[in-house]
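Report on the following structure.
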Amino acid sequence: MADRSVDLSALPKEVRDQFAELDLELSEGDITQKGYEKKKAKLLASYVPPSPNVDLSLPDVQLSPGHSVDPSPSPEAPGPSTSSASKHHRTHRSGGARDDRYRSDIHTEAVQAALAKHKEEKMGLPMPTKRRSAFVQSPIDTCTPPDTSSASEDEGSLRRKAAFSAVLAQSLQSPDYWINRSVQSSSTSSSASSTLSHGEPKTQPQPQPQPAASLLADLLVNARIENNVPPDVTSSTPQERGSRLDLPPAVRGMSRGQSRSSMIETADGVPVNSRVSTKIQQLLNTLKRPKRPPLSEFFLDDSEEIVEVPQPDPNTPKPEGRQIIPVKGEPLGVVSNWPPALQAALARWGATQAKSPALTALDITGKPLYTLTYGKLWSRSLKLAYTLLNKLGTKTEPVLQPGDRVALVYPNSDPGMFWVAFYGCLLAEVIPVPIEVPLSRQDAGSQQIGFLLGSCGVSLALTSELCLKGLPKTPNGEIIQFKGWPRMKWVVTDTKYLTKPSKDWQPHIPTANTDTAYIEYKASKEGTVMGVAVSKISMLTHCQALTQACNYCEGETLVNVLDCKKDMGMWHGVLTSVMNRIHTITVPYAVMKACPMSWVQRVHIHKARVALVKCRDLHWAMMAHKDQRDSSLSSIRMLIVADGANPWSVSSCDAFLNVFQSHGLKPEVICPCATSPEALTVAIRRPGARGAPLPARAILSMGGLSHGVIRVNTEDKNSALTVQDVGHIMPGALMCIVKPDGPPQLCKTDEIGEIVINSRAGGTMYYGLHGVTKNTFEVIPVNQAGAPIGEIPFSRTGLLGFVGPGSLVFVVGKIEGLLMVSGRRHNADDLVATALAVEPVKTVYRGRIAVFSVTVFYDERIVIVAEQRPDASEEDSFQWMSRVLQAIDSIHQVGLYCLALVPANTLPKTPLGGIHICETKQNFLEGNLHPCNILLCPHTCVTNMPKPRQKQPVDVGPASMLVGNLVAGKRIAQATGRELGMVEDQDLIRKLCMWPTMMHQFLSEALQWRAQTDPDHILYVLLNAKGVAVCTATCAQLHKRAEKITATLMERGGLNTGDNVVLLYPPGIDLIAAFYGCLYAGVIPVTVRPPHPQNLAATLPTVRMIIDVSKAACILTTQPLMRILRSREAAASVNIKTWPTIIDTDDLPRKRPPNIYKPPTAEMLAYLDFSVSTTGMLTGVKMSHAAISTLCRSIKLQCELYSSRQIAICLDPYCGLGFVLWCLSSVYSGHQSILIPPLELESSLPLWLSTLSQYKIRDTFCSYSVMELCTKGLGTQTEMLKARGLNLSCVRSCVVIAEERPRLALTQSFSKLFKDIGLSARAVSTAFGSRVNLAICLQGTAGPDPSTVYVDMKSLRHDRVRLVERGAPQSLPLMESGTILPGVRVIIVNPETRGPLGDSHLGEIWVNSPHCASGYYTIYGEESLQADHFNTKLSFGEPHTLWARTGYLGFIKRTELLDASGDRHDALFVVGSLDETLELRGLRYHPIDIETSVSRAHRCIAESAVFTWTNLLVVVAELSGSEQEALDLVPLVTNVVLEEHHLIVGVVVIVDPGVIPINSRGEKQRMHLRDSFLADQLDPIYVAYNM
């Protein structure tokens, strides 16, 4: 701030020059901000008066739009006391790296005003959280500390002051403000400029007035969370990364009727200072602020009035003028000595003016390299023409025929070779197609260039020896095949390789006709590159028209800074110049980069009359301009600004004139023009007479423009656009303005439309593309009534504009830069300009910004991508992004969808160094952009969301629904398994050696009976990772082992009958023996998964909790586990002093218990089954002896199990059906079970499959996690498995044991992958069980194959089932969950009314069966809540049957298939758990559906999980790629959820693989994930808060 009061213009010249150099260094990134400050302070030290307190109030200066109407400067009075150096200096400061095409004085001011307005509103966007390691972009010291929300107060106030002063300085130093004033030559107050010279305010913050200090940093610091933050629902302890294990659950209850939100209010949880929830609260606060239209209700499902989809606004401006009349250009004059063809002109000059210079090329330092005379140009072109026609191929089979297309591949730095090649082709009558030099095989857009070459039928390329050497080669030296290119033959055209024509050979130069002369390439908005064919007569006429419009004279000198291969650079610098024998000095792009003043110096040295430049060249010259004496521009009669049609060129021209007027530049020589690849030159301003007033500017309202009408801006000058004219249309042309979309209807006079031109001097077609040609080159405008206005065809120019007073043409944008958002038009260039006006120096690298739109959810959405400076800090970048949002919202009244910053130099480039927009957009949509910062704002910009659903009160009673179904002919949705069947004749059974089912109602008796009748029959085989049987158990061994355990329990345990005993064993036979030992002793076993020794902190608390909840009196375990329970590590997580008695059962004495307990009734409790649900609830259910024996009988009947059978089990044996199959089923049915602990698969993947093959197993049971392991790990190795002799053709049924909707994609890919090794397509099926009934469905041997149906996802969200065809949009495939088990009845019930539902209706699945659990043991502290889950009655229908509620939604559909009894088969389809569903916007979503979409969004998403927090949808995605790709996922995830589910994602969290916790059944533990996220324990790679 030291230099606030220094008048820079008063400083000595050398000091000002040093300043300018410093600024240039800073803007180009050659010096850090800190270094800049230091050097600057040093320079100023001696000029700074002491300043006790500086008044920072903004000066009372306002620039009224009126000023810029008449910018005629009086050269006598340049702005008082502001020498051009200091003016230039200010320009520079803001511009720096800005791409100055887009500079606008009025604009920068507008942006500042808009930002100031927003500052009053306190904008508090939560900053994304990024892992330190994630990006090596910026040096560590500039990284934001990870915890922005907990900065200390004083640090915050410092940051606030610095940030505020930065804004203020920015708003004061808006450079263009000053430039503009001096151009207007109005008497700006020099006192204001002297007190307000700009400076960087970071060095010593001054005390500030408080109200304005409300920047982002401030908000982050002051974001204190009120006490009403919805508390967290579950407690959690950190989980070690990478291990997917059950986390300690929060044990809590929740009635099924309660909604999520009521639960949130009752529980208490996460510490409020948690960083993550602070940010979420901030995000919620941001979202609560009303937007346009007021959208709050879209994310806070309040009962407020819901906004309709935006209706058309009645105040939209409509065009009111009369219909436009076509505008005629001046007639094209006839000059007697105009040549009959362009080649004839070259022949004439080559013969008569051989020594006259045609072209001077510069070397990289800007010094002349060579000059090509007209004689040399003629003779070399002649040689080339002769060589092309006669020396390629043989006389009988020449390679080239006249009319063939030839590619010209020459770098810009070698214009001489290009000229010779171009004219050589014209003389040989082959058609040149100039293209850019491809730099690599994967060059941006090289595929599109390939499309161009293909459509033009090019197979030969001309190039120079030097260029050929630089092309990428294959190892054997051939030029590589570029992506998408046809096969090319390369010909080198250096003079030494050309042949002198024979004496008698003369080129054929016909009079210009309609044959194609050359093809100029053009890239469309979609990125395709097409060739515009220009006929010989068009080429000649265009040269004539340009000669007339620009008044070219023979022998003039022209300096050309443009690309000579296309567009203006070619039309003026290669064609018209030769026609008029002009001497062209070409300044290539590379020279401009090294020496930006080179073109000005060339004008000065050669006294050039005409210069051909772009706005960026004006800007660069201004930047590099040091001394005033060395260059004069007084010789220039015409400074042609090629991109003068760009709305932002106006300020570049003004600023340039401002600096160089003192160097002889006359204001009237600046000539903007408008061009298009199809119509060539559309309009050009003719040089004015000396001293005549300059043409007026148009000051248009941005709002009007967005509706396509012209309105002079009166009200809000912040949203004005100042446009300069591009002169009159070309001689001999006719012009109309037509509507850009729909039929080419003539516009009204005050309407913006597309300019269409009829002229002999335009392109004739897109070569080889007849369909597209018709729509562009053969347009016949129609009037209001739709009738054609004539028969002359017009060509579309792709330019949007209008005709102003005096038939002047104004261009306000291009069709390809048009973004149509919600029916309004926005111009990409305008948005770039606004973004650039927001303080780009700190953040944006060299002003490189791309703007495009993507279609998401039925509308275009605007995306801005910018390159970030290497030294920009996180905070700078985020602040820049949030301010760009505000500026664009204020000025353009449009919301941005996505703002991304990528590392410097990583956006795909066009050959001339610009940004390749199409490729950038492609990268964005494919997730290949690799941003280092990203901000999405779907909440604010997606305003067309459907209305949230209002839940209707249920007026219709269950009875009337039932009657309604009956009347409609729909049956009640219920299904029944086979009868269990009673066998009365006990003697018969004994004779048949089947064991008496009815006599033994207890499994303990069954084991004793087996030990007596068949002692050596092997019941169990346990395999290790190598597939070796490490342990087997016969009936007798198991019985004896159980007896030993019983004896020990009775001796050491001090237990009473009915006490609970925890069994803590790894999967194996010890667990089974301990279970029967407990039954023999009359105690209740509780199986618990042992803690993970490497991750005790996360797994031991779960064990502790189950022990506490079950009030266990004793723990049976192994010696290693006992040591762990008492270890020091365990003490860190739980209190190890209060364990119940621990007994290790490894080496027990051989004792038999005095007696074996027999329960008095079968209704007595047999064991407790504890499990953590996916919602994080710990529940234990009570299983009676009767229930387990009927369950075993039911499975035996369904799977036809008997003692000679073998089955393989690869499941966790701790709860549910997994436990039943592992421990109980074999003892009941007598079959042999081969046990494979799933953990062994981690060290030996093929273990399970090779066991199936080796033992010729017919029936196997596994979990989804096992299936997934095999699919991912072995899917690619089927050939190897085959070679090892693996054969799965023996497998008849492979059942996945689960408590969820069947994972169709996984089961199908498993079947497909292992089909090669004999797996039958029909083998894989699923089972379904729940807490209340462990086994409801199980695909057995008898029933029909499981069927698959497709349901409409939109209906599903409304709790309805609508069956659709396969492949229908928004369809979801569902597979039947297996055949219903014998003895089981299922009915579908409306969970609210508890009335039965009809066939194919979605409702809760209720079950009635003898093997239902008899109740919850406890849901910690909420015993009463869940009582109705077990003994519930229907409100209507069958009032006496008792049902158990599964808590799952599903439906029953009667199929055409027949079951074993010959009846039609009823299939049960499970949709998902009610507890898991997300209620968002009044609709019901199943997490798995959203997750499926998310996982499809990008190849690097390994797994995903979703949950809600305070009505925000949070998506967690595991990244399997490099961390550079993390931010690519954010927009893709947001897009896919919006498109497919009509939901806006609130937070996207990117984490490492393995972070999403999964339980033993392979189900995601979403609630644990939520708790870890809110407690900030995930160590995410990136957290994005969508606005």
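The values are calculated or read from the model by the stated rules, or taken from the named source; none is laboratory data. Worth saying up front: this structure is predicted, and the values here are computed from it rather than measured. Every residue, glycine as well, gets a Cβ built from its backbone with ideal geometry; the counts of neighbours run over all protein chains shown. These area figures cover heavy atoms from the full protein model, side chains too; ligands, DNA and RNA do not enter into them. Shrake-Rupley method; radii C 1.70, N 1.55, O 1.52, S 1.80 Å.
Scanning segment 1527-1538 for any residue that is assigned to a loop (DSSP other than H, G, I, E, B), touching a His at 6+ places or on another chain (Cβ under 6 Å) and either among the β-branched types (V, I, T) or closer than 21 Å to F878 by Cα (or both) turns up nothing. Filtering segment 1032-1086 to residues that are of a type in the set (S, T, N, Q) and either surrounded by fewer than 19 Cβ atoms within 10 Å (Cβ to Cβ) or under 20 Å from A1011 (Cα atoms) (or both) leaves T1032, T1034, Q1037, T1046, N1056, T1057.
Let's see how each residue does on (1) closer than 18 Å to R1301 by Cα; (2) open to solvent by less than 10 Å² (accessible area, probe 1.4 Å); (3) among the β-branched types (V, I, T):
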| position | (1), (2), (3) |
| --- | --- |
| L1381 | yes, yes, no |
| V1384 | no, yes, yes |
| E1392 | no, no, no |
| H1401 | yes, no, no |
| E1404 | yes, yes, no |
| V1407 | yes, yes, yes |
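Among the criteria (1) in contact (Cβ under 8 Å) with a residue 40 or more places away in the chain; (2) open to solvent by 30 Å² or more (accessible area, probe 1.4 Å), the one L462 does not fulfil is (2). Return yes when L721 is surrounded by 24 or more Cβ atoms within 10 Å (Cβ to Cβ) and either at pLDDT below 90 or over 35 Å from the mean Cα position of the chain (by Cα) (or both) and no when it is not. Judged against the criteria, L721 is a match. Taken together, T474, T514, T493 contain a single residue that is open to solvent by 20 Å² or more (accessible area, probe 1.4 Å), over 41 Å from the mean Cα position of the chain (by Cα) and not basic (K, R), which is T514. The residues in segment 534-556 that are small (G, A, S) and part of a helix (DSSP H, G or I) can be counted, and the count is 3. Just so you know, in segment 1511-1534 the residues that are open to solvent by 20 Å² or more (accessible area, probe 1.4 Å) and of a type outside the set (D, E, K, R) include one that is nearest to T1307 (Cα to Cα), and it is S1520. Can you tell me which of L1313, L1281, L1286 is among the aliphatic types (A, V, I, L, M), open to solvent by less than 10 Å² (accessible area, probe 1.4 Å) and not in a strand (DSSP E or B)? None of the others qualify; the one that does is L1281. Number of residues in segment 874-931 that are within 14 Å of the chain's Cα centre (by Cα) and not hydrophobic (A, V, I, L, M, F, W, C) equals 10. The set of residues in segment 905-941 being part of a loop (DSSP other than H, G, I, E, B) and under 25 Å from E1539 (Cβ atoms) consists of G927, N928, L929, H930, P931, C937.
Candidates Y589, Y521: the one that is within 22 Å of I815 (Cβ to Cβ), open to solvent by 20 Å² or more (accessible area, probe 1.4 Å) and either in contact (Cβ under 8 Å) with a residue 60 or more places away in the chain or touching a helix residue (DSSP H, G or I) at 6+ places or on another chain (Cβ under 8 Å) (or both) is Y521. Kindly provide the set of residues from segment 659-713 that are of a type in the set (K, R) and under 18 Å from H728 (Cα atoms), ordered by number. Passing the criteria: R685, R686, R697. Does V1555 satisfy the condition of being surrounded by 22 or more Cβ atoms within 10 Å (Cβ to Cβ) and not in a loop (DSSP other than H, G, I, E, B)? It is false that V1555 is surrounded by 22 or more Cβ atoms within 10 Å (Cβ to Cβ) and not in a loop (DSSP other than H, G, I, E, B). The residues of segment 1017-1031 include none that are of a type in the set (D, E, K, R) and either under 20 Å from S1225 (Cβ atoms) or buried (at least 16 other Cβ atoms within 10 Å of the Cβ) (or both). Filtering segment 1456-1493 to residues that are buried (at least 16 other Cβ atoms within 10 Å of the Cβ), more than 14 Å from R1566 (Cβ to Cβ) and of a type in the set (S, T, N, Q) leaves T1492, S1493. Here A533 clears all of (1) touching a Phe, Trp or Tyr at 6+ places or on another chain (Cβ under 7 Å); (2) closer than 20 Å to A345 by Cβ; (3) modelled with pLDDT of 95 or more except the condition numbered (2). The single condition from (1) in a loop (DSSP other than H, G, I, E, B); (2) modelled with pLDDT under 90; (3) open to solvent by less than 10 Å² (accessible area, probe 1.4 Å) that P731 fails is (2). The number of residues in segment 1087-1141 being open to solvent by 10 Å² or more (accessible area, probe 1.4 Å), in contact (Cβ under 8 Å) with a residue 12 or more places away in the chain, farther than 23 Å from D1212 by Cα and not polar (S, T, N, Q) comes to 8. The set of residues in segment 906-916 that are surrounded by fewer than 22 Cβ atoms within 10 Å (Cβ to Cβ) and modelled with pLDDT of 90 or more contains only T906. Selection of segment 1238-1252 for residues being open to solvent by less than 10 Å² (accessible area, probe 1.4 Å) and touching a strand residue (DSSP E or B) at 6+ places or on another chain (Cβ under 9 Å) yields L1241, L1247, W1248, T1251, L1252.
Looking at segment 1210-1234, which of its residues are among the hydrophobic types (A, V, I, L, M, F, W, C), in a loop (DSSP other than H, G, I, E, B) and either farther than 18 Å from Y1255 by Cβ or over 46 Å from the mean Cα position of the chain (by Cα) (or both)?
C1215, the sole residue that qualifies.
Table: residues versus (1) open to solvent by less than 20 Å² (accessible area, probe 1.4 Å); (2) in contact with a Lys or Arg (Cβ under 7 Å, 6 or more places away or on another chain).
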residue	(1), (2)
I640	yes, no
S651	yes, yes
Q661	no, no
L665	yes, no
P672	yes, yes
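Let's see how each residue does on (1) surrounded by fewer than 20 Cβ atoms within 10 Å (Cβ to Cβ); (2) among the β-branched types (V, I, T); (3) closer than 30 Å to R685 by Cα; (4) touching a residue at least 60 places away in the same chain (Cβ under 8 Å):
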site	(1), (2), (3), (4)
I324	no, yes, yes, yes
K328	yes, no, yes, yes
D363	yes, no, no, yes
Y386	no, no, no, yes
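Only residues that are modelled with pLDDT of 70 or more, more than 25 Å from Q868 (Cβ to Cβ) and among the charged types (D, E, K, R) were counted across segment 13-61, and they come to 5.
For segment 745-773, name all the residues that are of a type in the set (D, E, K, R) and either closer than 30 Å to I710 by Cα or at pLDDT 95 or above (or both). Result: K748, D750, E751, E754.
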